[in-house]
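Data first, discussion second: the structure below is written as structure tokens.
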Amino acid sequence: MTTVEENKAMIRRFYEEGANARNSAVITELVAPEFIGHYPDVVAGFSGTSQGPESLMRDLEFIAAMVPDFRTTLEDLVGAGDKVALRGVTQGTHTGQIPGVPPTGNAVRFTWCAIYRFAGGKIAERWLNDDALSTFQQLGMIPPLPQPAN
Amino acid sequence: MPVSQNKAIVQRYIEAVWNQRQLDGIDTLFEENYTIHQNGQALAINREMLKQSIRTILSAFPDFHMALDSLVAEGDRVAAYWINSGTQTGELRLPDMPQSAPPSARTTTFAESALFRIAADKIAEVWYVSDRLSMVQGLGLISWAAR
């Protein structure tokens, strides 16, 4: 079993050398083929879970398509046993277009928390919470104020 | 401070204060004045403000329940992940809603993550991320088609 410090080092590499550098080879190296991701229900669109490193790459491509200059900063890592919890900030400029979502040009800033579990020296599971309400409001995808139902 | 004691403080906050409605427990679990961070903003609050915000949630969701899923503790910090659920039989007013939502009788389920910093046996600082989109969608307050 990898140590807490080794697990934290994997997380730092995942974000700095993988996500921020848009290097999918690093993600493939660090993430177990049987990886399971647990997402907030609404955003996932697939019953709250996803599988495999390719699901993480799809997420990164989704963000990069809208926020091409996005960069994630890790603000705190808390590790014990086979888990590392962290809080992070992802920020950039909403200049990219995906179907149905015109770029706002906004500077966007998303704060999130995640817990990662490690097995066999790889990232095996993740529970992510990313306040999609704030995220989608900043991207102009839903109105700034949720209106009560009529 | 052993991390096991810090974990017990967070467990009591979730199980005793929230799930068993023992709001007075806040007086022993939290510093009188502390800081919460949400959506990248820091807010100075106190025990009474926390009790009031819990009462607001419980009046909208009398059956509100937190199912604790995971705790990770190291040093003076405890990270927690849990699933909230509740049936909105009371009026709900969220801070960023222009008007209150009438009772919907709908049940909503949404995940929440938090990182607690504990100093001298008291919660001194909290970073929250709550899946508010799933919450308001579950209540029918907003419609959102998954990507």
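Hand me the list of helices (runs of 4 or more DSSP H) wholly inside the stretch B:1-95 holding 1 or more residues that are within 14 Å of chain A (Cβ to nearest Cβ).
Those helices (runs of 4 or more DSSP H) span B:3-12, B:47-60.
Given the conditions (1) more than 10 Å from every other protein chain (Cβ to nearest Cβ); (2) farther than 18 Å from A:Ser134 by Cβ; (3) surrounded by 18 or more Cβ atoms within 10 Å (Cβ to Cβ), and given that B:Ala124 satisfies all but one, which numbered condition is not satisfied?
Unmet condition: (3).
Can you give me the number of residues within the stretch B:96-111 that are assigned to a loop (DSSP other than H, G, I, E, B) and among the hydroxyl-bearing types (Ser, Thr, Tyr)?
So the answer is 2.
Report whether or not B:Pro98 is in contact with a Leu (Cβ under 9 Å, 6 or more places away or on another chain) and not aliphatic (A, V, I, L, M).
Considered against the rule, which asks whether it is in contact with a Leu (Cβ under 9 Å, 6 or more places away or on another chain) and not aliphatic (A, V, I, L, M), B:Pro98 comes out as yes.
Residues that are more than 14 Å from every other protein chain (Cβ to nearest Cβ) and either touching a residue at least 12 places away in the same chain (Cβ under 8 Å) or surrounded by 13 or more Cβ atoms within 10 Å (Cβ to Cβ) (or both): does the stretch B:100-114 have at least one?
For the stretch B:100-114, residues more than 14 Å from every other protein chain (Cβ to nearest Cβ) and either touching a residue at least 12 places away in the same chain (Cβ under 8 Å) or surrounded by 13 or more Cβ atoms within 10 Å (Cβ to Cβ) (or both): absent.
Tell me whether the stretch A:5-28 contains one or more residues that are touching a strand residue (DSSP E or B) at 6+ places or on another chain (Cβ under 6 Å) and either assigned to a strand (DSSP E or B) or without any contact (Cβ under 8 Å) to a residue 24 or more places away in the chain (or both).
Within the stretch A:5-28, none of the residues are touching a strand residue (DSSP E or B) at 6+ places or on another chain (Cβ under 6 Å) and either assigned to a strand (DSSP E or B) or without any contact (Cβ under 8 Å) to a residue 24 or more places away in the chain (or both).
Determine, yes or no, whether B:Val72 is β-branched (Val, Ile, Thr) and crowded, with 19+ Cβ neighbours inside 10 Å. If you could, list the steps in order and put the result at the bottom.
Values: β-branched (Val, Ile, Thr): yes; crowded, with 19+ Cβ neighbours inside 10 Å: yes.
Judged against the criteria, B:Val72 is a match.
Since every read-out is calculated from the coordinates, none of them should be taken as a lab result. Remember, predicted model here, so these are calculated numbers, not experimental data. Positions of Cβ are generated from backbone atoms using ideal geometry, with glycine treated the same way; all protein chains shown enter the neighbour counts.
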